[in-house]
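Structure, as structure tokens:
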Amino acid sequence: SSIKSRLTAGPSSISAIIETGTNYARYVEEGTGKRGRVSLTKILAWIRTKGISPRDPNTSDRQLAFLIQRSILAKGTPAQPYMQPALDKKRKRVEDLINRGVEEGIQAAFG
């Protein structure tokens, strides 16, 4: 999976960082809006990750990336949220696991 998580516990707090292994995930999650600008480098990485190749064999990946960039500048891309809905769906479960862990820690420390 390209989604990774990291848990950090401090003396009075617990936090989790959830991140993706891709550089275009934010654009998928939030969309770009009209005239949103995405770098050619990021579009090229996306093209290669997805295995997309130009229909015309005389068109390079860079030229295809430019055409995609131009389209995004004109139309933007719609948001396709997947991280926030997944978090919302599992929030209660995560809170329950954290609370159980805290209770077990207190029990172990203070008997």
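The values are calculated or read from the model by the stated rules, or taken from the named source; none is laboratory data. Just so we're clear, the structure is a prediction, and the values are computed from it rather than from any experiment. So basically every Cβ, Gly included, is an ideal-geometry build from the backbone, and we count neighbours across all protein chains shown. Side chains included, ligands, DNA and RNA excluded: accessible areas come from the protein's heavy atoms. Shrake-Rupley method; radii C 1.70, N 1.55, O 1.52, S 1.80 Å.
Worth pointing out:
- Thr59 open to solvent by 70 Å² or more (accessible area, probe 1.4 Å) and at negative phi: no
- Check on Gln80, of a type outside the set (Phe, Trp, Tyr), in a loop (DSSP other than H, G, I, E, B) and exposed (fewer than 12 other Cβ atoms within 10 Å of the Cβ): yes
- Any hit, the range 3-18, residues being within 23 Å of Gly76 (Cα to Cα) and polar (S, T, N, Q): no
- Filtered by the rule that a residue be surrounded by 15 or more Cβ atoms within 10 Å (Cβ to Cβ) and either part of a loop (DSSP other than H, G, I, E, B) or hydrophobic (A, V, I, L, M, F, W, C) (or both), the range 1-34 gives Thr22, Tyr24, Ala25, Val28, Gly31, Thr32.
For (1) among the hydroxyl-bearing types (Ser, Thr, Tyr); (2) touching a residue at least 24 places away in the same chain (Cβ under 8 Å); (3) more than 28 Å from Ile17 (Cβ to Cβ), each residue gets a yes or a no:
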| site | (1), (2), (3) |
| --- | --- |
| Thr32 | yes, yes, no |
| Ala45 | no, no, no |
| Lys50 | no, no, no |
| Pro57 | no, no, yes |
| Ser60 | yes, no, yes |
| Phe66 | no, yes, yes |
| Lys75 | no, yes, yes |
| Gln80 | no, yes, no |
| Asp88 | no, no, no |
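- The selection criterion, being farther than 30 Å from Lys4 by Cα and of a type in the set (Ser, Thr, Tyr), does not hold for Ser53.
- Which listed residue is charged (D, E, K, R) and either farther than 29 Å from Ser5 by Cα or assigned to a loop (DSSP other than H, G, I, E, B) (or both), from Arg91, Arg37: Arg37
- Residues in the range 35-55 that are over 20 Å from the mean Cα position of the chain (by Cα) and either open to solvent by 70 Å² or more (accessible area, probe 1.4 Å) or of a type in the set (Lys, Arg) (or both): 3 in all.
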